[in-house]
Amino acid sequence: ARDALLQTIAVEENATLYSNLGVAHYYLGDYDASVTAHRRSVELAPSSSGGWLGLADALYFAGYRDEAGRAYSSVADLSRKQLEVASDDVESLTFLAWASAMAGLPDEALAYVGRAVELDSADPYSHYFDALVKLNRGQVGEAVDALEVAVQNGYPLAMLAAEPILKELKQEPRFANLLATGNEGEHR
């Protein structure tokens with residue numbers, strides 16, 4: 001995917017392509033390249049909370065914690081603005097939840113993600129962010145519960161397996177089983 005994105009970007013630059021390239025680098029563990037791609041994405045689309053979220057996570061894992069904090073703040077600001085227009089925007093609620101968790105506001109994060117799950121209990125991304133927020137709070141069992149629901153609702157197992165935020169869960173038997181069970185099911 002990374003190579004195809006690079007070829008496409010050579011023909012046409014746009015924020016989505018750079019964001020997707022940033023995500024590809026992120027999941028490959030090349031955080032500096034992810035930062036570079038996400039920076040270009042937010043230059044092209046500065047009001048994209050998703051672009052800023054990708055940049056924030058990449059910065060965090062690249063070790064640029066102060067800059068990551070500022071990027072998470074941008075995510076929160078943009079998400080709040082969107083919620084002023086559409087208070088039931090599930091994506092904005094989940095992004096705001098994760099930005100709040102990374103800003104050290106775990107109770108706010110839990111409230112935002114709880115609202116997102118309540119609004120759309122079939123959305124796999126709501127449950128994914130619910131898991132991230134709960135993991136951030138140290139609620140490992142509840143995080144795995146949420147990941148199981150995310151997968152049941154269609155969240156890609158390959159993304160869970162590659163997600164550095166979930167690295168600490170690799171030794172958690174239920175999480176390892178979730179990944180293994182899903183991988184077996186994909187080969188049937």
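None of the figures in this text is laboratory data; all of them are computed from the coordinates on show. Everything numeric in this text was worked out from a predicted model, so none of it was measured. Glycine also receives a Cβ, built like all others from the backbone with ideal geometry; neighbour counts cover every protein chain displayed.
Could you compute the FRET efficiency for residue 152 and residue 66, with r as their C-beta to C-beta distance and R0 at 25 Å, rounded to 0.05?
0.10
Where is the GNM fluctuation largest for the chain (alpha-carbon springs, 10 angstrom cutoff): 129, 95, 175?
In this elastic network of the chain, the residue with the biggest mean-square fluctuation among 129, 95, 175 is 175.
Suppose only helical runs count, i.e. DSSP H with n ≥ 4. What mean residue ellipticity at 222 nm does that imply for the chain under -39500 (n - 2.57) per run, divided by all residues and rounded to the nearest 500 deg cm²/dmol?
That calculation yields -24500 deg cm²/dmol at 222 nm.
Charges at C-beta only: +1 for Lys and Arg, -1 for Asp and Glu. How large is the resulting dipole of the chain about its Cα centre, in Debye rounded to 20?
Computed about the Cα centre, the dipole is about 340 debye.
Given a cut-off of under 8 Å on Cα pairs at least six residues apart, what relative contact order in percent is computed for the stretch 17-93?
Over the stretch 17-93, the number comes to 23 percent.
Let me make sure I get this right: for the stretch 1-86, a, b and c are the square roots of the gyration tensor eigenvalues over alpha carbons, sorted descending. Under 1.5 in a/c it's rounded, otherwise prolate if a/b > b/c, else oblate. Which is it?
Oblate, since a/c reaches 1.5 and b/c is not below a/b.
With each label point set 7 Å from Cα along the Cα-Cβ vector, what nm distance links residue 180 and residue 168?
Each label point is offset 7 Å from its Cα along the Cβ direction, giving 2.3 nm.
What does the C-alpha gyration tensor say about the overall shape of the stretch 107-151? Classify as rounded when a/c is under 1.5, otherwise prolate if a/b is larger than b/c, or oblate.
oblate
Over all directions, how big on average is the projection of the convex hull of the alpha-carbon atoms in the stretch 80-188, in square nanometres?
Dividing the Cα hull surface by four gives the mean projection, 6.7 nm².
Determine the dipole magnitude for the stretch 1-108: charges of +1 sit on the beta-carbon of Lys and Arg, -1 on that of Asp and Glu, nothing else is charged, the reference point is the Cα centre, and the result goes in debye to the nearest 20.
Using only the charged Cβ atoms, the result is roughly 180 debye.
Label residue 111 and residue 84 with points 7 Å out from Cα along Cα→Cβ: what is the distance between them in nm?
Label-label distance for residue 111 and residue 84, simple model: 1.9 nm.
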